[in-house]
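Novice: One structure, pasted below without further comment.
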Amino acid sequence: MKIFVTVGTTKFTELINIVDSQEFLQLMKKKGVTEITLQTGTEEFEPKELKKETNLTVKTFKLVPSIEEYIEKADLIISHGGAGTIFESLRAKKPLIVVVNDSLMDNHQTELAEKLAEEKHLFYCENSSFLPTIFKNIEIDGLLPLPDTNPDKFNSFIDNHFNLKI
Amino acid sequence: MNLLIKFFSIFLLIIFIRAVYILPIWKRPTQMKTKRQKYKIPISILSVIGSGGHTAEMLKLLDGLLQKDRTRYYQVNFIVAKTDKNSKIKIEKFIQNIRENPTSLIQKNQFKIFEIPRSREVGQSFISCILPTIRAFFSSLFVLFKTKPKLLLVNGPGTCVPVSICAFFIRVLFLNKTDIIYVESVARVKSLSLSGLILYIIADRFLVQWTELYQKYSKSEYIGRLF
């Protein structure tokens, strides 16, 4: 199993520190994780605990223009609440754990993650400290795929507004 | 001189009454449907493109409109904040994709990108954003007069506020009629964004993407998730 951790364009030290902990490392070993990639945002990061495990490939980088290829390669994504990352992951049909970034003020994005978790499209983690528990008990089969949107609905809405017949 | 002031005040009063009268907030969404039976096509669209997530959502909506029937909406102009180079690259890529589509009936020159100064950079203080805001209003007026759009399609980036207010006042003064359609971002489930709150007053149609918002705001309309 390959994991991709992404924090977006700001920083999310708590999440990175939890992932780089002995507890999380043991869980990853149990689940058979072979590779973990961390996108750390504005923050420089040097893995400590993760480096101790020789059977685990660890890759880190700060920012890239598009995280599409990393999502494509991963079997599980652990992410901040950004709408872009959420939809990119769900469209790629990848299991996703959203961890709320408490340090961001007025974080309306928790609304979206909460809602999508309610509809069973992703796992929602209110605080980074709960991440190990959620990861331990994760049941990927319980997730429902996000239904595709139909552009016709919006098209007919606009046509209708201007009284255009199809 | 006194007479002049009197006339001027009466003029202002009339404009004010007209503005209040046409404010869409008094009307139900179904009343906001355009009354004209036959609209001259193509309907020209002006779309305001902003930061990150909003850009992706807007381009998806436009892609749908242009895929379906290209002769209906083929004239699309974009407004983008001058400092937002990323969005400009995305629009250019979007236009190129549409042009390269073999089923496309469109000819050249139906897409134009206009850049306007951003009214407020993130973290800028209130005082220092007065001048840029005035500049943003003037550029908005310029673009609106130049493109004369039938439809102003906006979805929330800060730049869309001055453009929409200008479009509304152009309509108040009978200079052109642009219908404003606002689509709230998919990221908004329970609360409107600041742009959303302003546009709620002046937009002709107001779409939200979650039932929570739909139940909260009586003027809003819901046709499912769009992104």
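Novice: Can you compute 3J(HN,Hα) from phi for each residue in the stretch A:67-72, using the Karplus curve 6.51 cos²θ - 1.76 cosθ + 1.60 with θ = phi - 60°, rounded to whole Hz and x for Gly and Pro?
Specialist: 9, 3, 5, 6, 5, 4
Novice: May I ask you to derive the FRET efficiency for A:L144 and A:T9 from their Cβ-Cβ distance with R0 = 22 Å, giving the value to the nearest 0.05?
Specialist: That pair, A:L144 with A:T9, gives E of 0.15.
Novice: Near the amide H of A:V5, under 5 Å away, which other amide H atoms are found, from residues 5 or more places off or on another chain, if H is placed in the peptide plane?
Specialist: It is A:T37, A:L38, A:Q39, A:I78, by chain and number.
Novice: Would you work out if chain B is rounded, prolate or oblate? Take a ≥ b ≥ c from the square roots of the eigenvalues of the alpha-carbon gyration tensor; rounded if a/c is under 1.5, else prolate when a/b is larger than b/c, oblate otherwise.
Specialist: Values: a/c = 1.39, a/b = 1.35, b/c = 1.03.
Rounded, since a/c falls under 1.5.
Novice: To the nearest 20 debye, what is the magnitude of the charge dipole of the stretch A:17-139 about its Cα centre, counting +1 on the Cβ of each Lys and Arg and -1 on the Cβ of each Asp and Glu? Don't jump to the answer; show the numbers that get you there.
Specialist: Values: 15 positive and 21 negative charges, 111 e Å.
With Lys and Arg at +1 and Asp and Glu at -1, about 540 debye.
Novice: Once you order the gyration tensor axes a ≥ b ≥ c over the Cα atoms, which shape class does the stretch A:1-143 get: rounded for a/c under 1.5, otherwise prolate or oblate by comparing a/b with b/c? Could you put the intermediate results ahead of the total?
Specialist: Values: a/c = 1.41, a/b = 1.22, b/c = 1.16.
Taking the square roots of the gyration eigenvalues as a ≥ b ≥ c, the stretch A:1-143 is rounded.
Novice: Run the count for the stretch B:107-227, please: Lys pairs, Cα-Cα under 24 angstrom, 8 or more apart or on different chains.
Specialist: Step by step, the pairs that qualify in the stretch B:107-227 add up to 14.
Novice: Another one. Residue by residue, what Karplus-based ³J(HN,Hα) values in Hz, rounded to whole numbers, does the stretch A:20-25 have, using 6.51, -1.76 and 1.60 with θ = phi - 60° and x for Gly and Pro?
Specialist: Per residue, the Karplus-derived 3J(HN,Hα) values read 8, 10, 4, 4, 5, 4 Hz.
Novice: Can you list the lysines whose alpha carbon is less than 29 Å from that of A:K48, not counting same-chain residues fewer than 8 positions off?
Specialist: Straight-line reach from A:K48, under 29 Å: A:K2, A:K11, A:K29, A:K30, A:K31, A:K59, A:K62, A:K73, A:K94, A:K136.
Novice: Also, I was wondering about something else. What is the set of long-range amide H partners of B:I180 at a cut-off below 5 Å, with H atoms built 1.01 Å from backbone N?
Specialist: B:L152, B:D204, B:R205
Novice: Once you have a ≥ b ≥ c as the square roots of the Cα gyration tensor eigenvalues for the stretch B:113-200, tell me rounded if a/c is under 1.5, and otherwise prolate or oblate according to whether a/b is larger than b/c.
Specialist: On the way: a/c = 1.97, a/b = 1.13, b/c = 1.75.
In terms of gyration-tensor shape, oblate.
Novice: With a 1.4 Å probe and every protein chain kept in, tell me what percent of the accessible surface of the stretch A:65-166 is carbon plus sulfur. Walk me through the numbers on the way to the answer.
Specialist: Numbers: 2590 of 5050 Å².
In the stretch A:65-166, the share of accessible area belonging to carbon and sulfur is 51 percent.
Novice: For chain B, what is the calculated [θ] at 222 nm in deg cm²/dmol (nearest 500), taking -39500 (n - 2.57) for each run of four or more DSSP H residues and dividing by its residue count? Intermediate results must be reported in sequence, preceding the final value.
Specialist: Working: 8 runs with 104 residues, N = 227.
The per-residue figure over chain B is -14500 deg cm²/dmol.
Novice: Using a 10 Å cut-off around each Cβ of peptide A:147-157, what is the average number of partner chain Cβ atoms that fall inside?
Specialist: On the way: counts 2, 1, 8, 5, 10, 3, 5, 13, 9, 2, 7.
Averaged over the peptide's residues, the number is 6.
Novice: Determine the shielding of peptide B:181-194 by partner chains: average, over its residues, the number of Cβ atoms on other chains within 10 angstrom of each Cβ.
Specialist: That average works out to 4.
Novice: Amide H of B:F114 versus every other amide H placed in the peptide plane: which residues, excluding those fewer than 5 positions away on the same chain, fall under 5 Å?
Specialist: Long-range HN contacts for B:F114: B:F78, B:I79, B:V80.
Novice: Quick one: dipole size for the protein assembly as shown, taken about the Cα centre, charges +1 on Lys/Arg Cβ and -1 on Asp/Glu Cβ, in debye to the nearest 20. Walk me through the numbers before you get to the answer.
Specialist: On the way: 54 positive and 39 negative charges, 484 e Å.
Using Cβ point charges on Lys, Arg, Asp and Glu, the protein assembly as shown gives about 2320 debye.
Novice: Just from its helices, what would the mean residue ellipticity at 222 nm be for chain A, if runs of 4 or more DSSP H residues each count -39500 (n - 2.57) and the sum is divided by every residue, rounded to the nearest 500 deg cm²/dmol? Walk me through the intermediate numbers first.
Specialist: On the way: 7 runs with 59 residues, N = 166.
After summing the helix terms and dividing by the residues of chain A, the value is -10000 deg cm²/dmol.
Novice: Let me ask you something else. Compute the helix-to-body angle for A:109-118: its Cα long axis versus the longest principal axis of chain A, expressed 0 to 90° and rounded to tens.
Specialist: With both axes taken from Cα atoms, the answer is about 90 degrees.
Novice: Which is farthest toward the positive dipole end of the protein assembly as shown among B:C129, B:G158, B:F7, measuring Cα position about the Cα centre, with Cβ charges +1 (Lys, Arg) and -1 (Asp, Glu)?
Specialist: B:F7
The values are calculated or read from the model by the stated rules, or taken from the named source; none is laboratory data. Since the model is a prediction, treat every value here as computed from it, not as a measurement. All Cβ positions, even for glycine, are placed from backbone atoms using ideal geometry, and neighbour counts span all protein chains on display. The area values use the complete protein model at the heavy-atom level, side chains included, leaving out ligands, DNA and RNA. Shrake-Rupley method; radii C 1.70, N 1.55, O 1.52, S 1.80 Å.
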